Amino acid sequence: MSDPRITPSIFTRGAVDLSALRTPAPSPAPAQTGPSDDGAGSTAAVIDVTEATFQAEVLERSLSTPVVVDFWAEWCEPCKQLSPVLERLAVEGGGAWVLAKVDVDANPRLAQMFRVQGIPMVYAVVGGQPVDAFSGVVPEAQLRQWIQAVLKAGGASVAETADPRLDEADESLLSGDLDAAEQAYRKILAEVPSDAAAEAGLAQVGLARRVAGADPQAVLTAAAAATDDIDAQLLAADVEVLGGMAEEAYQRLVGLVRRTAGEDREKVRQHLVGLFTIAGPDDSAVALARRALASALF
């Protein structure tokens, strides 16, 4: 899993962009006053969020109240250590901030949009934009300090630097219109070949096409039973990346590089490099995996 230390994240347009999750909204969500009953307009301290409710429960809500987004999964043991602490602190906060829980298995696109590399992964969203993040399990004292830093950010917004063309491409990707998304990303790259956001988006289109219709658990089971089946391993890595387990995917394919040669090895290498593109060049997990790949190759 990821490094358990809390470290600041750099949110560039190519790293995390949430504009594709937005639709015009009539007004910001009301400020939080503490836990309340379930139902429309609920201001509970802890809420479960899906792709369908993300705009209202996270983006709009964060315009008036910081939202901490916890990416987790039922099978994730470290998540079972961190989530209860986050939930308790959210309730203690009395409405100063809201904890939004996202099941990565049920909401893979959200995990993909946030470039989740491993879980638990926690983002702070303020003013409609992510402002900081950490991964892994951390001590409660350190977690409290991090939350205080988030609260100090208050209603501060990240400067608007979004490219409308990228917004349009991302929206097509999120809505599942992969052909439109690919065309939009390629048009940007034709003008700016080094645009990291467009490169990442195009790589995500390829990933979405490869995993379309696949049963994640069945894919992983098949890969476990056929460790030397190149195609099975590549698909399993795709499923892992989409499910927020990029580090596991990288390790899987680096191991496969070590066990293969010739055209098979090159096929695996190219696939792995494509997965690196999704996370972006500044991702720490990618940096580690690139070193492991170089060792495996040479």
Would you pick out the residues in the range 178-209 that are in a helix (DSSP H, G or I) and among the β-branched types (Val, Ile, Thr)? 188, 205
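This table checks each residue for (1) in contact with an Asp or Glu (Cβ under 8 Å, 6 or more places away or on another chain); (2) assigned by TED's automatic domain parsing to the domain that holds residue 110; (3) free of Cβ contacts under 8 Å to residues at least 24 places away in the same chain; (4) of a type outside the set (Val, Ile, Thr).
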position	(1), (2), (3), (4)
171	no, no, no, yes
182	no, no, yes, yes
188	yes, no, no, no
191	no, no, yes, yes
207	yes, no, no, yes
218	no, no, yes, yes
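For the range 224-238, indicate whether the set of residues that are charged (D, E, K, R), assigned to a helix (DSSP H, G or I) and outside the structural domain of residue 102 (by TED's automatic domain parsing) is non-empty. Steps first, answer last, please.
Initially, the range 224-238 is screened for residues charged (D, E, K, R), giving 228-229, 231, 238.
So of that shortlist, the ones also assigned to a helix (DSSP H, G or I) come out as 231, 238.
If we keep only those that are outside the structural domain of residue 102 (by TED's automatic domain parsing) too, we end up with 231, 238.
The answer is yes; a qualifying residue exists.
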May I ask you to verify whether residue 135 is within 18 Å of residue 279 (Cα to Cα), at pLDDT below 90 and among the polar types (S, T, N, Q)? yes
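In the same structural domain as residue 182 (by TED's automatic domain parsing) and surrounded by 18 or more Cβ atoms within 10 Å (Cβ to Cβ), is that true of residue 263?
Details: in the same structural domain as residue 182 (by TED's automatic domain parsing): yes; surrounded by 18 or more Cβ atoms within 10 Å (Cβ to Cβ): no.
In short, no.
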Do you know which residues across the range 50-91 are in contact (Cβ under 8 Å) with a residue 60 or more places away in the chain and touching an Asp or Glu at 6+ places or on another chain (Cβ under 6 Å)? 73
Could you tell me whether residue 278 is touching a residue at least 24 places away in the same chain (Cβ under 8 Å) and under 18 Å from the mean Cα position of the chain (by Cα)? yes
Of the residues in the range 58-78, those that are crowded, with 22+ Cβ neighbours inside 10 Å and either in a helix (DSSP H, G or I) or at pLDDT below 90 (or both) number 4
Kindly establish whether residue 253 is at pLDDT 95 or above and either of a type in the set (Lys, Arg) or more than 15 Å from the chain's Cα centre (by Cα) (or both). yes
Considering only the range 241-254, I want to know if a residue exists there that is touching a strand residue (DSSP E or B) at 6+ places or on another chain (Cβ under 9 Å) and surrounded by 18 or more Cβ atoms within 10 Å (Cβ to Cβ). yes
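The values are calculated or read from the model by the stated rules, or taken from the named source; none is laboratory data. What you see is a predicted model, and the numbers here were worked out from it, not measured in a lab. Here Cβ is always computed from backbone atoms with ideal geometry, including for glycine, and neighbour counts include all displayed protein chains.
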